[in-house]
1. Can you confirm whether the range 428-436 contains a residue that is at pLDDT 85 or above, aliphatic (A, V, I, L, M) and not in a helix (DSSP H, G or I)?
2. Being under 29 Å from Leu437 (Cβ atoms), in contact (Cβ under 8 Å) with a residue 40 or more places away in the chain and either hydroxyl-bearing (Ser, Thr, Tyr) or open to solvent by 10 Å² or more (accessible area, probe 1.4 Å) (or both) is the requirement here; does Gln163 meet it?
3. Would you confirm whether any residue within the range 264-286 is crowded, with 21+ Cβ neighbours inside 10 Å and either modelled with pLDDT under 90 or not in a helix (DSSP H, G or I) (or both)?
4. Only one residue in Arg134, Arg104 is open to solvent by less than 10 Å² (accessible area, probe 1.4 Å), charged (D, E, K, R) and in contact (Cβ under 8 Å) with a residue 40 or more places away in the chain. Which one?
5. Answer yes if at least one residue in the range 215-225 is among the small types (Gly, Ala, Ser) and either without any contact (Cβ under 8 Å) to a residue 40 or more places away in the chain or touching a His at 6+ places or on another chain (Cβ under 9 Å) (or both), and no otherwise.
6. Which of the following residues is out of contact with any Pro (no Cβ under 8 Å at 6 or more places or on another chain), in a helix (DSSP H, G or I) and at pLDDT 70 or above: Ser514, Ser456?
7. Only one residue in Cys112, Cys89 is at pLDDT 90 or above, over 17 Å from Ala148 (Cβ atoms) and under 23 Å from the mean Cα position of the chain (by Cα). Which one?
8. Looking at the range 191-199, is at least one residue surrounded by fewer than 20 Cβ atoms within 10 Å (Cβ to Cβ) and outside any helix (DSSP H, G or I)?
Amino acid sequence: MAGGAAVSNNPEASAYSHLIDSSPWWKKQRVLLLNAWIVVLLITSSTNGYDGSMMNGLQSLSQWNSAFNYPTGGQLGLLNAIQNIGSLCAYPFSPYVADYFGGRFAVGWGACLMASATIIQTASQNVNMFIGARWLIGFGLTFAANGAPLLITEVAYPSQRGQATSLYNSLWFLGSIIAAWTTFGTFNIPTSWSWRIPSAIQGLPSVIQLCLLWFVPESPRWLVSKGREEEALKTLAYYHANGNEEDPLVEYEFQEIKAAIALDREVKDNVGWLSLFKTPGNRRRVRIIVALAFFSQWSGNGLTSYFTNPTTQLLINGLLNIYNFCIAMVASVLCDKAGRRLLFITSTVGVSSSFPDPRYLPRLALTRAGNMFSGMLIFWTLQTVCFALYSEYDLTARDKSCTMVSLRAVDRSKVAHSPIMQLAFTPLIVTYTVEILPYSLRSKGFTMFNFVLSLSLIFNQYVNPIALQALGWKYYIVYICWIAFEMVFVFFFIVETKNRTLEETAALFDGDDSVAAIAHPAAEIAEGPKPGDVRVDGEKKESSSAVDEVELTKV
């Protein structure tokens, strides 16, 4: 098929790379403007990160505990889980809102609900009012979190799509950092404003979105799917080619979008939930999406703890968020250069070097291992051995001190292990999920990802404490086996997707014919006009002679 030229087997050389404007980024004014609107969408993730960190901070405030009669047990558990419960309640509706009304409406509707909920939360007079507000925050967040990353990946400039979408999940840490320092700053306020101020600030991102969302462009893919092709072409031209609708890059994108959506309509009678399982390609997608959702939460990040005093632990947790944020941001920017597959493999089995502590090397070899290696698999094996030694043997005081040295080494390796995980399992899980899904199933597939993510979080919250109490250090062996499985899965099933358009990436899972069918119309544009071909009013026609060609060109 002729489409082969458009989709190279070598991801380093994309078919559209020569169509990209090579001028410096600061001279691309429309692209800069587009990125400014993308930032408006990116802050949705910060709202999510803010909420979790804020609740952790509020529980340490005596003013908050006093206002709600010192909640404990089931009530305290409900306060922590109710936002997630609200999110679960919205999952059946969020993909339909995004598909029918568009991503921009979904983000705006979610922001409206969250802004209203934060007003209720800030004004809460009793614990039930506070719980209800947090449920509404979670309900609204699902709509915004479903629409925002889809809209980002569908409007971004082609060469910046991977980085822009990867930044979405990375900004979770930014919200968490802001919340942590906000609650720390209001700690000494003697009145209820010590917890009302952080609650009110939680609504600020939603207010910003409601004010600026009107300027954010709608997805060209959604516009084409609704028959509004002229608007889609103008949007692509305005932001990707300074308004030139005949720019080769714009024509390439536009033709691919039309071909992909036409193919979806042709091969699928419906796009219901069962469509996710009807074809081999879709089943491959679902397998990867479900795996990534579980891997992101079941790689030990919900189980580790520190063996230091509480003050030092708070300091490590606070600084580690900043450290993780920096690592995730760097990985987001480099995702197209390094490649998704390499980052996933490195994150799963990667090794990071740090300097060993020479004072303890003669006393315990595990200390050196704890300092030298921080891949997830190696880290968990080391930590399990340390816990087993400390738990199973009646050690002398000297031996115990040696074992605690190894446990402190685990603390230090945790500081390295967590950023290793951020190389892929923070920035790329959203990016990879949305780019491998075809447009018709993108919203539903992403909703499935978020649903599985919520299930894995519930497991961490409720099962891990019970299992640790029952099995002790032996429970860590479960995670060693699980991380080994992650390593094997990533190696065999993660496909490299860098340097491809969104349509070409999604079609990779449906076979070469689907890729060619989508890329063929765009390939002709990418290759340029052939001898004997001319364009009249944007249409390519074949001339019968050189005279005809001259005459048509003059016209």
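The values are calculated or read from the model by the stated rules, or taken from the named source; none is laboratory data. Not measured: the values here are computed from a predicted model. Heads up, the Cβs are rebuilt from the backbone with ideal geometry, glycines too, and the neighbour counts pull from every protein chain shown. All accessible areas refer to the heavy atoms of the entire protein, side chains included, with ligands and DNA or RNA removed. Shrake-Rupley method; radii C 1.70, N 1.55, O 1.52, S 1.80 Å.
1. no
2. On the way: under 29 Å from Leu437 (Cβ atoms): yes; in contact (Cβ under 8 Å) with a residue 40 or more places away in the chain: yes; either hydroxyl-bearing (Ser, Thr, Tyr) or open to solvent by 10 Å² or more (accessible area, probe 1.4 Å) (or both): yes.
When the stated conditions are applied, Gln163 passes them.
3. Pass one, the range 264-286, residues crowded, with 21+ Cβ neighbours inside 10 Å: 285.
Then keep just the ones that are either modelled with pLDDT under 90 or not in a helix (DSSP H, G or I) (or both); that gives none.
No, because not a single residue in the range 264-286 is crowded, with 21+ Cβ neighbours inside 10 Å and either modelled with pLDDT under 90 or not in a helix (DSSP H, G or I) (or both).
4. Details: Arg104 fails: open to solvent by less than 10 Å² (accessible area, probe 1.4 Å).
Matching residue, one of Arg134, Arg104: Arg134.
5. Taking the range 215-225 as the starting set, the residues that turn out to be among the small types (Gly, Ala, Ser) are 219, 225.
Now narrow it down to the ones that are either without any contact (Cβ under 8 Å) to a residue 40 or more places away in the chain or touching a His at 6+ places or on another chain (Cβ under 9 Å) (or both): none.
For the range 215-225, residues among the small types (Gly, Ala, Ser) and either without any contact (Cβ under 8 Å) to a residue 40 or more places away in the chain or touching a His at 6+ places or on another chain (Cβ under 9 Å) (or both): absent.
6. Numbers: Ser514 fails: at pLDDT 70 or above.
Selected residue: Ser456, the only one of Ser514, Ser456 that is out of contact with any Pro (no Cβ under 8 Å at 6 or more places or on another chain), in a helix (DSSP H, G or I) and at pLDDT 70 or above.
7. Values: Cys112 fails: over 17 Å from Ala148 (Cβ atoms).
Result: Cys89 is the single residue among Cys112, Cys89 that is at pLDDT 90 or above, over 17 Å from Ala148 (Cβ atoms) and under 23 Å from the mean Cα position of the chain (by Cα).
8. To start, the set of residues in the range 191-199 that are surrounded by fewer than 20 Cβ atoms within 10 Å (Cβ to Cβ) comprises 191-193, 196-197.
This time we only want the ones that are outside any helix (DSSP H, G or I), so: 191-192.
Within the range 191-199 (the criterion being surrounded by fewer than 20 Cβ atoms within 10 Å (Cβ to Cβ) and outside any helix (DSSP H, G or I)), the answer is yes, since at least one residue qualifies.
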